[in-house]
1. Would you kindly work out the equivalent ellipsoid of region B:1-137 from its C-alpha gyration tensor and give its semi-axes, the square roots of five times the eigenvalues, largest first in whole Å?
2. Would you mind computing, in nm to one decimal, how far apart the modelled labels at residue B:102 and residue B:82 are, each placed 7 Å from Cα along Cα→Cβ?
3. Dipole of the protein assembly as shown (Lys/Arg Cβ +1, Asp/Glu Cβ -1, origin at the Cα centre): which of A:51, A:479, A:413 lies farthest to the positive side?
4. Give the residue from B:70, B:47, B:93 lying farthest towards the positive end of the charge dipole for region B:34-96; charges sit on Cβ (+1 for Lys and Arg, -1 for Asp and Glu) and the dipole is referred to the Cα centre.
5. Taking the number of other C-beta atoms within 10 Å as the exposure measure, put A:200, B:154 in order starting with the fewest.
6. Based on DSSP loop calls and a cut-off of at most 11 other Cβ atoms within 10 Å, the longest stretch of chain A free of exposed GluC sites (Glu not before Pro) is what?
7. Region A:464-565: D in µm²/s via Stokes-Einstein (Kirkwood Rh, Cα pairs, 25 °C, 0.890 mPa s)?
8. How many angstrom separate the Cα center of region B:1-38 from the Cα center of region A:134-160?
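Throughout, read-outs are computed from the coordinates displayed, never taken from laboratory work. Remember, predicted model here, so these are calculated numbers, not experimental data. Please note: Cβ atoms are built from the backbone with ideal geometry, for glycine as well, and neighbour counts cover all protein chains shown.
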Amino acid sequence: MELTGAETFVRCLIEEGVEYVFGYPGGAVLNLYDALYQQEQIKHILARHEQGAVHAADGYARATGRPGVALVTSGPGATNAVTGIATAHMDSVPLVVFTGQVPTPLIGNDAFQEVDAVGITRPCVKHNFLVKDVANLADTIKKAFYVATTGRPGPVVVDIPKDVTAKRAEFHYPKKVHLRSYNPVTKGHPLQIKRAVELMSSAERPVIYTGGGVISGNAALQLTELTRLLGFPITNTLMGLGGYPGNDPLFLGMLGMHGTYEANLAMHNCDVLIAVGARFDDRVTGNVAKFCPKAQIIHVDVDPSSISKNVKVSVPIVGYCDQVLAEMIHLLRVQEKRTNGEALARWWAQINEWRSIDCLKFDRSASGVIKPQHVLEKLYQLTEGNAFVTSDVGQHQMWAAQFYKFDKPRRWINSGGLGTMGFGLPAAIGAQLAFPNETVVCVTGEGSIQMCIQELSTAKQYSTPIKIINLNNGYLGMVRQWQELFYGNRYSQSYLESLPDFVKLAEAYGHVGMQITKPQDVEGALREALAMKDRLVFMDFLTDKTENVYPMIPSGAGQNEMILV
Amino acid sequence: MRHIISLLLENEAGALSRVAGLFSARGYNIESLTVAPTEDGTLSRLTLVTRGSDDIVEQITKQLNKLIDVVKLMDLSSGPHIEREIMLVKIRATGAARDEVSRLSEIFRGHIVDVTAGSFIVELTGNGKKLDAFLDSLERGSIVEVVRSGVSGMARGEKSLGV
């Protein structure tokens, strides 16, 4: 059957089982929007800015594990989407982003709303396509979904010129994709896995360090089983939280720049490091020259280029985390002596000593001023760790990571790699649409929330009852913290004057607004907001203006050189 | 260390810019780069010369392999290989210098492919060092123009880069 390009587009999305398209219409995509109008299977979510549309698709993808889909027009539609695409790229999130393009005869002529979308997005996508012939459209869309979701996931852009959406071609959706140049390795090398297990069994001071790969690779179950089987201490990166139950005694908390004392010192002193789906990011390693000086490193990752990129490893294993970990469990189960028990007991004694300093302590007796940590601790208690928590970027993000103990994967949704302010609210919309009956909380600050504040309107249109926790200290807190610690208290442009009245703002968008100023009101306000199951509630917490995030590894320092409270 | 990396690339618009963009984005250097279609019309062969420590070159090959348009890759410098480059040199020469240029060209097994009253164009093939040596042997100031193709290469013996 012959279909237009636009009809083909819709049919392909249906074949892929797409539930939501997050987007914003414009000239170049009018045919696509017309085809969307004439069907009912796919729901379109109209964002208020293309950045918001892509972040929402991203939030949907992170919460569900299914690819997020966004649709934007040419020119400014595409450029506005770039921040969202780059955010997904840094955190390996599967997205397929469709950008409209001017008609093929006009490409390169500086036509109205023309940009070289493929060129602009090239460095921040896993792959991208320009479809010049409607006969290739279905095939290209199939490839886009395949590439986005396999191997190390990532965003794929498909740029479709307007004339391609109008032309007709025979519709055929391929069942399978063959890309001779793309064959991700899925199964780890058996000999390397054996070597890794031997190293683990003989370790005296082991640490398991896992990242976002465990989440995106759906390996949390295997990781939990392996860790418990061994009784090894485990730490997660910012992206890896939820990969292992956050309230488990084997869990040392997050590591890295604002990680716990025990996690960072365990890393620094370990003799065998088992890295899974993590990429030795600079916020984790600190000074690479001082990183894990005594350790032999095992590294499991689906992306070979992540291995030995920043830190040389002894046992590289390329493969899907869930499969490799399952192999390890299998080998360990049949082994008589799994670990070096005596050494491990000594190691735990040492770790518990580090733990006892309670590095996340904060002044609980403070009266008259709300401590941001207190808000998050209460949020954790009241939601029993079951909420989906999205965040923006800055101090609030670190406190959320430290104080909300994520027990399950895909509940913690934040821009860890690119550090995109403005991510939290649209990502929460995506997560809430995916899970309409779950509690979705957006932890943000008065700086970040204003970067995509327009999405409050989207939230109204689609009735997503998100709970926004605005930790409002009147500063770009993380910038202020660095200026205090490293720039002689010169608070250059980090103080936010003329803040809006967030309560009225929320109300103007048709939501519920609350302002909380006293510590004793925190719990009550949270309870009240969480009880409003069908309303978005914007909670503006006026918090301690000078609170800093600790512990902290200053830039360039080693993991053992932490600043404590 | 200097490495010669040879790739088979999908012969598609934009494939070359993915390779070039990778090098600029990650701060790797490219000494030379040459690309042309192969006997299989769907594939291009690209040869690039880069410098870097073993760690960096390992990253370069991994990152290149990660590009969807890269079908196969080989670091030629990891084994015995042939390396060739073609060069055209336009040389200003009058009087006695004309004999000198013609003799030098013979010594280096070059060909004179264009002659005018005041100039020659010499075509020369070989590895980079040979071409450098030819340029060094010419009289200073006599070189009007030089164009080099950049390095192409192949592994010796049974080893081959194919799909």
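1. Details: eigenvalues 260, 56, 33 Å².
Listed largest to smallest, the semi-axes of region B:1-137 are 36, 17, 13 Å.
2. Distance between the two pseudo-spin positions: 3.1 nm.
3. Going by the charge dipole, the pick is A:413.
4. Checked the options; the winner is B:93.
5. Taking fewest neighbouring Cβ atoms as first place, the list is B:154, A:200.
6. A:41-335
7. Values: Rh = 15.8 Å.
Translational diffusion coefficient: 156 µm²/s.
8. Their Cα centres are 23 Å away from one another.
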